[in-house]
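The values are calculated or read from the model by the stated rules, or taken from the named source; none is laboratory data. Given the structure is predicted, the values throughout are model-derived calculations rather than measurements. Note: ideal-geometry Cβ built from the backbone for every residue, glycine included; neighbour counts use all protein chains shown. What goes into the accessible areas is simple: the full protein's heavy atoms, side chains included, and nothing from ligands, DNA or RNA. Shrake-Rupley method; radii C 1.70, N 1.55, O 1.52, S 1.80 Å.
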Amino acid sequence: LRTTAQRAGIVGTELAQFMAQMKHESANFGSMKEIGSKKYFKKYAHKKSLGNAPHSVHDANRYVGRGFIQLTGKYNYEMAGRAVGEDLITHPELAADPAIAAKIAVWWWNTKVKKSVTDFNDTTAVTKKINPGLKGLQDRHNNFLAYKDTL
């Protein structure tokens, strides 16, 4: 993941924030697939912004969060697939493959985070672009400080 990010020009403080966010999103790099119950996934069935078919629990279950960034929703799978050259609509499980997940994470970062954040020391601003509810903000910030000291 770090090598893929560095090859894409993510370095320094930005790299520390990138790694911190990916560490949190993937449960300390321990899970490449979102953990949740059917009830939990049903909430995604009604999210038109995710591109899932209206009221489709099938789409919500099929395009569940995967990879380092926990890519979620049919629309995001389609856009990420185009960007990294993979058919993630037909094979959404590929988003959990570490090599592909790293490319997806960098794509997400460059399209959703990098263009909107001016100060990568600001964990809150970065987190808002990944998780607007700021879930896990303190963990993300602690991760950032640890990476900042070591990178």
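Translational diffusion coefficient of the range 71-120 (Stokes-Einstein, Kirkwood radius from Cα pairs, 4 °C, 1.567 mPa s): 117 µm²/s. The residues F68, F18, sorted by heavy-atom accessible surface at 1.4 Å with ligands and nucleic acids left out, run F68, F18 from largest to smallest. About the centre of its Cα atoms, the range 71-132 shows a dipole size close to 280 debye [charges on the beta carbon of Lys, Arg (+1) and Asp, Glu (-1) only; nearest 20 debye]. Sorting S31, S116 by solvent-accessible area of protein heavy atoms yields S116, S31, largest first, with a 1.4 Å probe. 3J(HN,Hα) along the range 64-76: 6, x, 9, x, 5, 8, 6, 3, 9, x, 4, 4, 5 Hz, from the Karplus curve 6.51 cos²θ - 1.76 cosθ + 1.60 with θ = phi - 60°, whole Hz, x for Gly and Pro. Temperature 4 °C, viscosity 1.567 mPa s: under these conditions the Stokes-Einstein estimate for the range 84-151, based on its Kirkwood radius over C-alpha pairs, is 96 µm² per second.
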